[in-house]
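These notes concern the structure reproduced below.
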Amino acid sequence: MYSTVSEQLKKAREAKGLTLAECARYLAIQEKYLSAIEESEYHRLPGELYARTWIQKYASFVGLSPKECMISYEKELRIRSKLQEKKVYSRKPRYGNVWELITLRRLAYAALVLIFFSYSGYLGYQTLRPPRVALNVPMNGFRTYENSIILKGQTEDGAEVRINHQLITLGAGRHFSQEITLTNGLNTITLSARKKHSLPFSASVVIVKTPPPAILTPSTTGPLISNE
């Protein structure tokens, strides 16, 4: 029997005996967003980029395959889209006495005009729409004591991606992987993308570089002391 991504994540979490609050603390994701994911209420998340990143991170934490979960997620999005279209088309228009005044020729003409403008609008939207960019790692607010971090993600065909205003090279499948040098404290990394005639996509990720943990060594004359 098919289970949704939400059901799979919830079942895996419960199998490990974890609460949402525990998962939220470990993953550094607000509990309300994890709850939204488990309830398939993705509209409650900040955006599509966060939904994809958090689902993969949550799946990995509870022992599921992030790749398989994303395949299921994409399938569910397509199903939701088709169901929404069916709801729109199934709405029965209310006809009054005005219907009797509309001739078949006028109706056909109106339909052609509507199709023309709809198609023109669709082409305009596809041309101007900002390219989709999914940042897989790291999460916003990620903390590390390493001197650098690798940003990994994916975009769509025809898009150029820049990190901190520097053009990066895209690999197979439009994936990218870029190492960024960090400084102590807050590091704001700007991710942008654009197609030839599209509006720009822009997002920022904050990475916190913390001092490395103190290493304790045994003392010959007393209790453990810090190298610092």
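In percent, how large is the relative contact order of region 119-191, given Cα pairs closer than 8 Å and 6 or more residues apart?
On the way: 86 pairs, mean separation 21.3, N = 73.
The normalised contact order for region 119-191 reaches 29 percent.
When only Cα pairs under 8 Å and 6 or more residues apart are kept, what is the percent relative contact order across the chain? Intermediate results must be reported in sequence, preceding the final value.
On the way: 280 pairs, mean separation 32.1, N = 228.
The value is 14 percent.
How high is the FRET efficiency between Thr127 and Ile180 when r is their beta carbon distance and R₀ equals 25 Å, given to the nearest 0.05? Let's see the in-between values first.
Details: r = 31 Å, r/R0 = 1.26.
After rounding, the FRET efficiency stands at 0.20.
From a point 7 Å beyond the Cα of Glu74 in the direction of its Cβ, which residues of region 142-164 have a backbone N at a distance under 19 Å?
152-159
Taking a quarter of the surface of the Cα convex hull of the chain, what do you get in nm²? Please list the in-between numbers first.
Numbers: hull surface 81.5 nm².
The orientation-averaged projected area of the Cα hull of the chain comes to 20.4 nm².
Coordinate-derived values only; no laboratory data. Note that the coordinates shown come from a computational prediction; the quantities given were computed from them, not determined experimentally. Because the Cβ atoms are built from the backbone with ideal geometry, glycine has one as well, and the counts that use them run over all protein chains shown.
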